[in-house]
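Novice: Below you'll find the structure I mean.
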Amino acid sequence: MSEHNDIAARAEVLIEALPFIQRFRGATIVVKYGGAAMVDEELKRSVCADVALLHFVGMRPVIVHGGGKKISEMMSRLGLEAEFVEGLRVTDDATMEVAEMVLVGTVAQDLAANVQAAGVSAVAISGRDGCTLGACRMVGPGGADLGHVGEVTDVRAGLIRDLIAAGHIVVLSPIGVSPEGTPLNINADHAAAALAVSLGAQKLVTLSDVPGLLRDRDDPSTLISELTVAQAREMLASDAVGSGMIPKLQSCIQAVEGGVERAHMIDGSRPHSLLIELFSESGIGTMVRSD
C-alpha cells in the first residue's frame, strides 16, 4: 500500500506541475547559478539535472554563473593576494587572467559537462564570444580604481539565440569585452539580469545560499514570498537588505523593469528548489514582479 501511495504522490506532483509546464513551454528562463550549489558536487549535479528537465519539457534555459570563491582559491594557490573595496574585487592584470581562466576554463566547462551528463547538449561561452556582453570599466566607491571590473553596456544575444535554436543549453561566464577589446570581470547577478532582458526572458531565477529576501535578515521565518519593484526599492533604501543580497535584489529590479515577467531569488542549497519554485503554486523563495 505504501508503494502505491508513493507512486500516487508522484503523480500528484506531475499534475500540479502541468499548468506551469503548459504556461512556460517555449519560454526563456535565465538561471543565475551561484552559492553552495557551485561547490557541492551532489547539488551541482542536481541543479544541472533540473535545468536539463526544463529543456526537456519545452523551456529554453540559459545558465549564467558566478565563481568568486573559486577565483580567490586559485589566487591563493598562485600566491596572489585578493584586494576588495567595499566588497568589490579589485581586478588587476594578473587577477583578470586568473578570473578568466577559472570562470571560462573551469567553472563553465564543469557545468556544461554536468548538463550533458543529464542528457542535453551544452555549450560553454564567455561574454567575449560574439561580443555578447559589451562593457565599460566600473568606477569604485569614492572614485576607486577597480581595474578590469566592468558593467554591462550592451548585450548582443545573437550567438546565444542561435545556440538555443540549435538545441543547446548555453552556460555563460560573466566576462565582458570593452570597446578596446580587453576583458572585464562583471558581477554575475547583473550580467544575468542584462541577458534576461535582452533575450526577452519570462523569468530570471537566482540561486544563492539563503531562502530568499528576509524582512529580518537574521530570521529565516520572515521570508518575503512576493513583492513589487517599488517595494523592493523601498527595502534597498531602508538598509534592510544584507550586503550579499543587494546585487541580487538589484538584478531582480533591473530584470523586471526591463520587461522580464518575474524574477526569483531562491535557496540553491535545497535540492530541486528550482523546480519547486517554477512548478508549484506556493514556490519556495522570493518573487519580484512589476508594480
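Novice: For the chain, with a Gaussian network of springs between Cα atoms less than 10 Å apart, report the residue from 118, 230, 191 with the top mean-square fluctuation.
Specialist: 230
Novice: For the chain, what D do you get in µm² per second when you plug the Kirkwood radius from alpha-carbon pairs into Stokes-Einstein at 10 °C and 1.306 mPa s? It would help to have the intermediate numbers written out before the result.
Specialist: Values: Rh = 19.4 Å.
Reported coefficient: 82 µm²/s.
Novice: Another question, if that's okay. Scan around residue 148 for amide H atoms under 5 Å from its own, H built in the peptide plane at 1.01 Å from N, and keep only partners 5 or more places away or cross-chain.
Specialist: Answer set, sorted by chain and number: 91, 92.
Novice: Calculated from DSSP H runs of 4 or more alone, at -39500 (n - 2.57) each and per residue, what is the 222 nm mean residue ellipticity of the chain, nearest 500?
Specialist: Mean residue ellipticity, 222 nm, calculated: -12500 deg cm²/dmol.
Novice: Under 20 Å Cα-Cα from residue 69, which lysines qualify once same-chain neighbours fewer than 8 residues away are excluded?
Specialist: Residue 69 reaches 32, 44, 248.
Novice: Calculate how steeply helix 93-102 sits against the longest principal axis of the alpha-carbon atoms of the chain, using the helix alpha-carbon long axis, and give the answer as 0 to 90 degrees to the nearest 10.
Specialist: 20 degrees
Novice: Which GluC sites (Glu not before Pro) in region 226-291 sit in a loop by DSSP (not H, G, I, E or B) and have at most 13 other Cβ atoms within 10 Å of their own Cβ? Provide the component values of the computation, followed by the final result.
Specialist: On the way: sites: 226, 234, 257, 261, 277, 281; in loops: 261, 281.
For GluC sites (Glu not before Pro) across region 226-291 that sit outside H, G, I, E and B with at most 13 neighbouring Cβ atoms in 10 Å, the list reads 281.
Novice: Ranking 233, 215 by Cβ neighbours within 10 Å, fewest first, what do you get?
Specialist: Lowest to highest Cβ neighbour count: 215, 233.
Novice: Which far-off residues, 5 or more places away or on another chain, put their amide H under 5 Å from the one on residue 126, with H placed in the peptide plane?
Specialist: 173
Novice: Show me 82-91, 176-185 ranked by packing, highest mean number of other Cβ atoms within 10 Å first.
Specialist: 176-185, 82-91
Novice: According to the Cα gyration tensor, what semi-axes, each the square root of 5 times an eigenvalue, does the equivalent ellipsoid of region 1-143 have, listed from largest to smallest in whole Å?
Specialist: Here the semi-axes work out to 37, 18, 15 Å.
Novice: Within region 1-58, report the chymotrypsin sites (Phe, Trp or Tyr not before Pro) that DSSP leaves as loop and that have at most 11 other Cβ atoms within 10 Å.
Specialist: For chymotrypsin sites (Phe, Trp or Tyr not before Pro) across region 1-58 that sit outside H, G, I, E and B with at most 11 neighbouring Cβ atoms in 10 Å, the list is empty.
Novice: Provide the net charge surrounding residue 186, with neighbours chosen by a C-beta distance below 15 Å and charges set as Lys +1, Arg +1, Asp -1, Glu -1. Could you put the intermediate results ahead of the total?
Specialist: Details: positive: 32, 89, 128, 137, 156, 248; negative: 100, 129, 151, 154, 189.
So the surrounding residues net to +1.
Novice: Normalised by the residues of the chain, what does the relative contact order come to in percent, with Cα pairs under 8 Å and at least six apart?
Specialist: That works out to 21 percent.
Novice: When 1/r is averaged over all different Cα pairs and the result inverted, which Kirkwood radius in Å belongs to region 206-291?
Specialist: Numbers: mean 1/r = 0.0784 Å⁻¹.
Result for region 206-291, one decimal place: 12.7 Å.
Taken together, the values in this text are just the output of simple stated rules run on the coordinates, not laboratory data. Being a predicted model, the structure only gives us computed values, none of them experimental. Quick reminder, even Gly has a Cβ in these numbers, built from the backbone with ideal geometry, and neighbours come from all protein chains shown.
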